[in-house]
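The structure appears right after this line, and notes come after that.
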Amino acid sequence: MTSEILIHFEGGIVTNHHMAARDLGRALIHMQNAVDRAHLERKYGRLWKYAKMRQEDYAVASLIALYPEEGGLKQRFSLPGGEILIERVYQALQYAIDRSHRFANQQIVTLADQASNQKNNLHHNNIEVLTYDQMVNSDIAHRRYGDRAINRELNQIVTMIRRRNVHVPLATFQFLDDSQKTVAFDRRSALAFNRAVSTRQLANPVRYVGRVRSLDRDTSKGKVKNLENEKDFVVSFTTDEDFNRMARYLETEEVVTFVGSPITEFGAFDPAAGDVMVLRVE
């Protein structure tokens, strides 16, 4: 059975049934990337940060871009035998839409302010510090990272809609197999979608044991090898004090122990190699 995805662009993004190659190219690339994420999740049973497509995966997950149709501009993608993958992309998108409605009025707190609150709680022993194994087996590690990865790709398409200051539908996604499911975006809903997909929050703190691989003072970031799983992950700093303490372990074989909070995005986190905010170097 051949399943299809149709993106219908309208309004200011289309002129005389034509649109900028830059915008159409973005839609082509990121829709394919979304299907790739769905395929890798199905293949391995879960998705992680650096999961990559292999040569044998392309025959299963490659979309066929059909000739654009008029009526604004309609770009149709075909995927023979791909109903499961297309349904997975739709499910992830619908989950993000539902989430954008639930959290529309939620105040956004910066990561720096969240880190400050976490540090204060640590100082007063008002928060439990998990071991790495406890975190891996906690709820945060079992939230579907695939939803985040798929919607990050779709958000790159929706970005084009956020730039247009009008509130009529500018892009409609249709998922076509044995039924038709439709999701429409105008600027307002595109902004809400972006907020739901990209908002980052700090999870409960975890004690990490590792070796410092690199540090960059300009970006206040670094890379640490986690000795629990031998994976590298990115660390971020909010103060020079934390950065300088971590710097003492750079280019040495000495093991560093520190407390950090996993940085979640869309409520999800890759426990193997997700980014971490440093709260205290021990």
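Every number in this text was worked out from the coordinates using simple rules, so none of it is lab data. In this text the structure is predicted, and so the values were computed from the model without any measurement. Counting neighbours? That spans all protein chains shown, and the Cβs are built from the backbone with ideal geometry, glycine included.
Within 15 Å, Cβ to Cβ, of GLU87, how many net charges do the neighbouring residues add up to if Lys/Arg are +1 and Asp/Glu are -1? Show your work: numbers first, answer last.
On the way: positive: ARG37, ARG42, ARG88, ARG144, LYS181; negative: GLU4, GLU41, GLU83, ASP147, ASP177, ASP178.
With Lys, Arg at +1 and Asp, Glu at -1, the net is -1.
The gain in end-to-end length when the THR219 to GLU69 segment is fully stretched comes to 49.5 nm, 0.36 nm per residue minus the alpha carbon separation. Entry for the chain at q = 0.14, 0.15, 0.16 Å⁻¹: log10 I(q)/I(0) = -1.03, -1.11, -1.19, Debye formula applied to identical alpha-carbon scatterers, no solvent contribution.
Which of the helices in the chain, when you take each full DSSP H run, stretch at least 15 Å along the axis at their Cα atoms and have an average Kyte-Doolittle score of -0.5 or higher?
Numbers: long enough: 21-44 (34 Å, -0.76); 83-102 (28 Å, -0.44); 111-123 (18 Å, -1.36); 145-162 (25 Å, -0.46); 187-198 (16 Å, -0.20).
Qualifying helices: 83-102, 145-162, 187-198.
Here the calculated FRET efficiency for ASN229 and THR110, from their Cβ-Cβ distance with R0 = 25 Å, stands at 0.30, rounded to the nearest 0.05.
For VAL206, the amide hydrogen comes within under 5 Å of the amide hydrogens of LEU130, GLY260, SER261, counting only partners 5 or more places away or on other chains and with H modelled in the peptide plane.
Rounded to the nearest 500, what is the chain's calculated 222 nm mean residue ellipticity when only DSSP H runs of at least 4 contribute -39500 (n - 2.57) each, over all residues? Intermediate values should be presented prior to the final figure.
Details: 9 runs with 111 residues, N = 282.
Rounded to the nearest 500, the figure is -12500 deg cm²/dmol.
So for the chain, averaging the separation of alpha carbon pairs under 8 Å that are six or more residues apart and normalising by length, what relative contact order in percent results? Walk me through the numbers before you get to the answer.
Working: 516 pairs, mean separation 61.4, N = 282.
The value is 22 percent.
Taking 0.36 nm per residue of separation and subtracting the current Cα-Cα distance, fully stretching the chain between GLN94 and THR2 would add 31.0 nm. Counting neighbouring beta carbons within 10 Å and listing from fewest to most, the residues ASP178, ASP36, ASP186, ASP218 come out as ASP218, ASP178, ASP186, ASP36. In terms of overall dimensions, the C-alpha atoms belonging to region 25-84 reach 39, 23, 19 Å along their principal axes, ordered largest to smallest. The distance between label points at THR182 and ARG22 comes to 3.1 nm (points 7 Å beyond Cα on the Cα→Cβ vector).
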